[in-house]
1. To the nearest Å, what is the center-to-center distance of segment 188-218 and segment 71-122, using C-alpha atoms only?
2. How much of the accessible area of segment 138-218, probe 1.4 Å, is carbon plus sulfur, in whole percent?
3. From the P(r) of segment 2-214, can you give the percent of Cα pairs sitting at distances over 25 Å?
4. Might you tell me the accessible area per residue for segment 2-214, computed with a 1.4 Å probe and given in Å²?
5. In a Debye calculation with equal point scatterers on the alpha-carbon sites of segment 90-145 and no solvent, what is log10 I(q)/I(0) at q = 0.15, 0.19, 0.30 Å⁻¹?
6. Only bridges whose two residues both fall in the chain count here: according to DSSP, what percent of them are antiparallel, nearest 5?
7. Find which of Leu88, Val173, Leu118 sits farthest along the positive direction of the dipole of segment 57-187, computed with +1 on the beta-carbon of Lys and Arg, -1 on that of Asp and Glu, about the Cα centre.
8. Which residue, Gly124, Gly20, Gly142, has the most motion in a Gaussian network model of the chain that connects Cα atoms within less than 10 Å?
Amino acid sequence: MKIFLDTADLAEIRRASDAGLIDGVTTNPSLLAKAGNDRAPAELFREICETVDGPVSAEVVAVDSDGMIAEGRKLAAIHEHIVVKLPLTEAGLVACRTLTAEEIQTNVTLCFSTAQALLAAKAGATWVSPFVGRLDDIGHDGLEIVAEIRQVYDNYGFETEILAASLRHPRHVQEAMLVGADVATLPPSVLYPLLHHPLTDRGLDQFLKDWKAAGHAL
Ligand code: G3P
């Protein structure tokens, strides 16, 4: 399973990319606003693309299909890593078909049901993003939708990849792997805790103590 970083914060992207922890980046308008960057979005997207060796999702903000297509073409022209992120609406799927026909990669986002995911795949989406945490928030089981989408895509041979999004804690990530998501996109606050285990810390501490007590040197 690939891991993308879900942020528009360049310092965080640099850190994770330098450590070899991520395969791509996803952003959305809220994340861009949160990054509070004073440079133009196109500039920021270019810099993110130059920092990470993988796909970078950049979202349209138009709500009609012609507007989405125009914005999508502009975004795709910024850098070859750009993936145009489109909302899972009728207009978004129309835009998805057109951009796919132009060989522009797409990420259909704000997916909350298996039926929506089927429609995104039929529109030719490169990725579909089910929002796990937001489904959990309203009392549904977000991971169950991811598992269902996996089954449907396998049943019908769709090549659209499942990009599990809105993952809020390491357990979500572990379950996304188990149900066969192709990608998990994580904020930094979920990525780094994946590295940690108390037994790793305790074990390392003991190794270093024993080594010191033995008085050896490498
Ligand atoms: O990739 C989607 C993600 O940014 C949404 O996460 O935690 O706001 O539901 P959250």
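The values are calculated or read from the model by the stated rules, or taken from the named source; none is laboratory data. Being a predicted model, the structure only gives us computed values, none of them experimental. Don't worry about glycine lacking a Cβ; one is built from the backbone with ideal geometry, like all the others, and counts go over all protein chains shown. Keep in mind that these areas ignore ligands, DNA and RNA; they rest on the heavy atoms of the full protein, side chains included. Shrake-Rupley method; radii C 1.70, N 1.55, O 1.52, S 1.80 Å.
1. First find each Cα centre; the distance between them is then 44 Å.
2. Values: 3020 of 5220 Å².
On segment 138-218, the fraction of accessible area on carbon and sulfur atoms equals 58 percent.
3. Numbers: 8998 of 22578 pairs.
Tail of P(r) above 25 Å: 40 percent of Cα pairs.
4. Here the residues of segment 2-214 average 51 Å² of exposed surface.
5. -0.42, -0.62, -1.12
6. Counting only bridges with both partners in the chain, antiparallel ones make up about 0 percent.
7. Val173
8. Highest fluctuation of the listed residues: Gly20.
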